[in-house]
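**Q** My questions will all concern the structure given below.
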Amino acid sequence: QVQLVESGGGLVQPGGSLRLSCAASGSIFDNNAMGWYRQAPGKQRVLVARISRTHITNYADSVQGRFTISRDNAKNMVYLQMNSLKPEDTAVYYCNRVPYDLNYWGQGTQVTVSS
C-alpha cells in the first residue's frame, strides 16, 4: 500500500525559508521520478520541482533558483528546500510521483508566506 506523508509547512515571512519533507511508503519510490506539487487557493495543482531516481532535477520557472529538491533513496524520503519565499508561494504542497498518480495524493502541508 502506497502512502505519502508531507510535513514541514508553516507560516513564514517573505524572504524566509522552509524545508518540506515527504515520507513515502510502499512501492512508489521504486524506479519513479518524484515531484513536489502545489495548489494555491482557486488554482489548479501544478508541478514545481521534479527529481529522477538518479537525482536529475527540473524546476518550474517560478521557483528556479530558489527551491531545491532532493531525495534519499535509502530512506524513501523527498525534500524541498525553499528559500527567498514570496507571498505567491503560498499554497498547499504535495509530493507524488511524476507523472502523478491520482490514488497517491497525501494530505499535503500548508505553506503561508505573509508578513
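The values are calculated or read from the model by the stated rules, or taken from the named source; none is laboratory data. Keep in mind that this is a model prediction, so the values were computed, not measured. Glycine also receives a Cβ, built like all others from the backbone with ideal geometry; neighbour counts cover every protein chain displayed. Please note that ligands, DNA and RNA were not included when accessible areas were found on the heavy atoms of the full protein model with its side chains. Shrake-Rupley method; radii C 1.70, N 1.55, O 1.52, S 1.80 Å.
**Q** May I ask you to verify whether L102 is open to solvent by 30 Å² or more (accessible area, probe 1.4 Å), free of Cβ contacts under 8 Å to residues at least 40 places away in the same chain, out of contact with any helix residue (DSSP H, G or I) (no Cβ under 8 Å at 6 or more places or on another chain) and of a type in the set (A, V, I, L, M)?
**A** Judged against the criteria, L102 is a match.
**Q** Tally the residues that are of a type in the set (A, V, I, L, M, F, W, C) and farther than 16 Å from G10 by Cβ, restricting the search to the range 74-115.
**A** The total comes to 7.
**Q** Let me ask something else about it. Quick one: count up the residues across the range 27-37 that are open to solvent by 30 Å² or more (accessible area, probe 1.4 Å), in contact (Cβ under 8 Å) with a residue 12 or more places away in the chain and either within 14 Å of V78 (Cβ to Cβ) or of a type in the set (A, V, I, L, M) (or both).
**A** The qualifying residues number 1.
**Q** Within the range 28-54, how many residues turn out to be in contact with a strand residue (DSSP E or B) (Cβ under 9 Å, 6 or more places away or on another chain) and modelled with pLDDT under 95?
**A** Residues flagged as in contact with a strand residue (DSSP E or B) (Cβ under 9 Å, 6 or more places away or on another chain) and modelled with pLDDT under 95 within the range 28-54 amount to 5.
**Q** Determine whether N73 is exposed (fewer than 14 other Cβ atoms within 10 Å of the Cβ) and touching a residue at least 40 places away in the same chain (Cβ under 8 Å).
**A** Judged against the criteria, N73 is a match.
**Q** Could you check, for the range 49-64, whether at least one of its residues is without any contact (Cβ under 8 Å) to a residue 24 or more places away in the chain, touching a Ser or Thr at 6+ places or on another chain (Cβ under 8 Å) and among the basic types (K, R)?
**A** No.
**Q** Report yes if G15 is in contact with a Leu (Cβ under 6 Å, 6 or more places away or on another chain), open to solvent by 20 Å² or more (accessible area, probe 1.4 Å) and in contact (Cβ under 8 Å) with a residue 40 or more places away in the chain, otherwise no. Outline the logic, then answer.
**A** Numbers: in contact with a Leu (Cβ under 6 Å, 6 or more places away or on another chain): no; open to solvent by 20 Å² or more (accessible area, probe 1.4 Å): yes; in contact (Cβ under 8 Å) with a residue 40 or more places away in the chain: yes.
Here the answer is no, as G15 does not meet what is asked.
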